[in-house]
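Q: Sharing a structure here in structure tokens format.
The values are calculated or read from the model by the stated rules, or taken from the named source; none is laboratory data. Please read these numbers as outputs of a predicted model, since none were measured by experiment. Neighbour counts run over all protein chains shown; Cβ positions are idealised from the backbone, glycine included.
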Amino acid sequence: MNACLKSKVNKVVVVSSILAVVVNPSWPKDQIVDENCWTDPEFCMKTEKWYCAGKAVSEREALEFGKKNNINVVSVCPSVVFGPILQSTLCTTNIILLNLFKGKNSFNLLEFDKPEEDIDIPIVDVRDCANALLLAYENPEAEGSLRVSNEKLNYTCEKLVNLGWNYRSLEKTLVDSVENMKESSLLS
């Protein structure tokens, strides 16, 4: 962020995570998770959810730095990102998806605050995530924290949708992922 300040950058897009948002035991269960909800870093440190704590602290610090230094910092908080891959190696979410396709469950690789059997995982397509990042960068009205999810659970991405963002269906994401994994010889 200091390099951006020294270079007189006007806008910075920070890629955060839904995990910077959802690990908050005091957030009312029936209230929509929006830009006002933040992961509780103290709770995360007590429960050793280091990734969640780190994402929450770093996102808030970046947004605060932007306010103090007149830089438009926009953070994008994608949910679990699935979809076709370009790289030759698998990242964590690709491993989770591949394991699900093979009949194994590996959601324990994520730091959600519920036992595996109780998790409703919000998912976004990697291509839609990339579009959200471009929109956050290119749209002059983009500001603050933007949440990215294609699931209609208790999360909202209304602020991003109001900027013109849309998303693929979960079915399209999964079908394209299977085809991509077959082409890459990951599903055999």
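Q: Quick one: how many residues across the stretch 25-54 are loosely packed, with under 14 Cβ neighbours inside 10 Å, of a type in the set (D, E, K, R) and assigned to a loop (DSSP other than H, G, I, E, B)?
A: Summing the residues that are loosely packed, with under 14 Cβ neighbours inside 10 Å, of a type in the set (D, E, K, R) and assigned to a loop (DSSP other than H, G, I, E, B) in the stretch 25-54 gives 3.
Q: Under 7 Å by Cβ, and 6 or more places apart or on different chains, what pairs join a residue from the stretch 33-47 that is over 22 Å from P122 (Cα atoms) with one that is of a type outside the set (V, I, T) and outside any loop (DSSP other than H, G, I, E, B)?
A: Note: pairs meeting the criteria are M45/A53.
Q: Kindly indicate whether any position in the stretch 29-44 is within 16 Å of the chain's Cα centre (by Cα) and aromatic (F, W, Y).
A: Yes; the residues of the stretch 29-44 include at least one that is within 16 Å of the chain's Cα centre (by Cα) and aromatic (F, W, Y).
Q: Then there is this: Are any residues in the stretch 82-109 under 24 Å from E48 (Cβ atoms), modelled with pLDDT of 80 or more, outside any loop (DSSP other than H, G, I, E, B) and within 17 Å of the chain's Cα centre (by Cα), and if so, which ones?
A: T92, T93, I95, I96
Q: Residues to consider are V57, V74; find the one that is of a type in the set (A, V, I, L, M), in contact with a helix residue (DSSP H, G or I) (Cβ under 6 Å, 6 or more places away or on another chain) and surrounded by fewer than 17 Cβ atoms within 10 Å (Cβ to Cβ).
A: Numbers: V74 fails: surrounded by fewer than 17 Cβ atoms within 10 Å (Cβ to Cβ).
Unique residue meeting the criteria: V57.
Q: Now, a different point. Test each condition in (1) surrounded by fewer than 19 Cβ atoms within 10 Å (Cβ to Cβ); (2) part of a loop (DSSP other than H, G, I, E, B); (3) out of contact with any Cys (no Cβ under 6 Å at 6 or more places or on another chain) for V22 and report the one that comes out false.
A: (1)
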